[in-house]
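The values are calculated or read from the model by the stated rules, or taken from the named source; none is laboratory data. Note that this is a predicted model, so its numbers are computed, not measured. For neighbour counting, all protein chains shown are included, and Cβ atoms are generated from backbone atoms with ideal geometry for every residue, glycine included. All accessible areas refer to the heavy atoms of the entire protein, side chains included, with ligands and DNA or RNA removed. Shrake-Rupley method; radii C 1.70, N 1.55, O 1.52, S 1.80 Å.
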Amino acid sequence: LIGPNGSGKTTLLLVLAGLLARDSGEVSVAGADPSTQAADVHARVGWMPDALGTWESLTCREVLTTFAAAYRMPPDLAARRVTWLLGELHLEELADAPARVLSRGQKQRLGLARALVHDPQVLLLDEPASGLDPRSRVDLRVLLRGLASQGKTVLVSSHVLAELDDLADNAVFVSRGRTVDERTVSSIATGWRAWTISSLDDDLLRSRLAARGVLVTEGRDLTVQLPSREAAAALLRDLVGDGVPVVSLAPAVGALEQVYLGLEEDRR
């Protein structure tokens with residue numbers, strides 16, 4: 001779920017989680033209506049807000065155990081689930097530390113563990129990567145892809161579009177409370193896009209690109225417009241064959257970022 005600030009992403013997630021009443025329309029989450037079947041929705045949904053709100057005097061283990069009890073999980077099952085989540089999200093060393101001592105990133109991990117404690121069918125995540133270090137971002141991506149492979153639905157709202165390129169299967173772009181585009185991520189990566197290219201000999205690179213009629217944009221790096229990954233591979237092969245010492249050739253921006261910026265330009 002991608003869009004500018006104020007576009008309605010968090011509002012939509014709150015409606016789906018059964019925490020905000022809709023003004024109109026229909027909503028179905030795992031086959032249940034949040035307005036009339038709130039208990040069913042809450043049992044099936046894991047909700048992670050963009051900021052962790054919790055009892056700061058409770059330890060991480062106590063926070064998760066309390067939420068497991070709220071979902072009426074049997075104590076033995078809850079204890080095993082809490083221990084597993086603390087290990088999976090690298091919070092073992094902080095298991096018995098009060099929540100108030102956690103860093104921003106650690107609180108994010110605790111928030112995700114809290115959303116997962118009852119093994120929900122649907123996971124709603126609002127800016128889950130905010131405050132996470134690079135290693136934790138990779139771990140988050142692996143965890144969420146693993147949940148999706150189990151058949152769970154994961155809906156992520158995020159401004160970190162580069163992370164979503166490797167995480168998401170589908171993207172919904174929203175603006176001013178409305179859907180403005182919806183695409184599969186794989187389809188976005190197959191069309192025309194800008195590629196940056198660098199070489200140890202920029203003059204030779206420019207001359208060979210000009211000879212091939214490739215449009216070049218000057219900037220910090222040379223940028224070329226190419227219709228596909230296959231075209232990029234062919235260009236790289238030809239340049240190397242012509243003796244151009246190419247250092248790198250890569251998309252200038254991520255697939256989702258390219259679409260998002262294009263939509264914002266149209267909107268203005």
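General observations
- Flag for THR54 being on the phi < 0 side of the Ramachandran plot, in a loop (DSSP other than H, G, I, E, B) and not small (Gly, Ala, Ser): yes
- Only a single criterion out of (1) open to solvent by 40 Å² or more (accessible area, probe 1.4 Å); (2) over 15 Å from ASP119 (Cα atoms); (3) among the small types (Gly, Ala, Ser) is not satisfied by ALA79, namely (2).
- Output for the range 127-165, where each listed residue is in a loop (DSSP other than H, G, I, E, B), under 16 Å from ARG109 (Cβ atoms) and open to solvent by 50 Å² or more (accessible area, probe 1.4 Å): ASP133
Residue-wise test of (1) in a helix (DSSP H, G or I); (2) among the aliphatic types (A, V, I, L, M); (3) open to solvent by less than 20 Å² (accessible area, probe 1.4 Å).
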residue: ASP96; (1), (2), (3): no, no, no
residue: LYS107; (1), (2), (3): yes, no, no
residue: GLY111; (1), (2), (3): yes, no, yes
residue: ARG114; (1), (2), (3): yes, no, no
residue: HIS118; (1), (2), (3): no, no, no
residue: LEU123; (1), (2), (3): no, yes, yes
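- Taking the range 239-264 as the range and being at pLDDT below 90 and either part of a helix (DSSP H, G or I) or more than 26 Å from the chain's Cα centre (by Cα) (or both) as the test, the residues that pass are ALA255, LEU256, GLU257, GLN258, VAL259, TYR260, LEU261, GLY262, LEU263, GLU264.
- Filter result for the condition that a residue is of a type outside the set (A, V, I, L, M, F, W, C), open to solvent by less than 30 Å² (accessible area, probe 1.4 Å) and modelled with pLDDT under 90, over SER175, SER187: SER175
- You will find that of LEU204, LEU236, the residue that is more than 17 Å from VAL259 (Cα to Cα), open to solvent by 50 Å² or more (accessible area, probe 1.4 Å), touching a residue at least 12 places away in the same chain (Cβ under 8 Å) and not in a loop (DSSP other than H, G, I, E, B) is LEU236 and no other.
- Listed conditions (1) free of Cβ contacts under 8 Å to residues at least 60 places away in the same chain; (2) open to solvent by less than 50 Å² (accessible area, probe 1.4 Å) are all met by ALA168, apart from (1).
- One residue stands out in the range 1-24 among those that are in contact with a strand residue (DSSP E or B) (Cβ under 9 Å, 6 or more places away or on another chain), under 14 Å from ASP50 (Cβ atoms) and outside any loop (DSSP other than H, G, I, E, B): the one that is least open to solvent (accessible area, probe 1.4 Å), namely LEU13.
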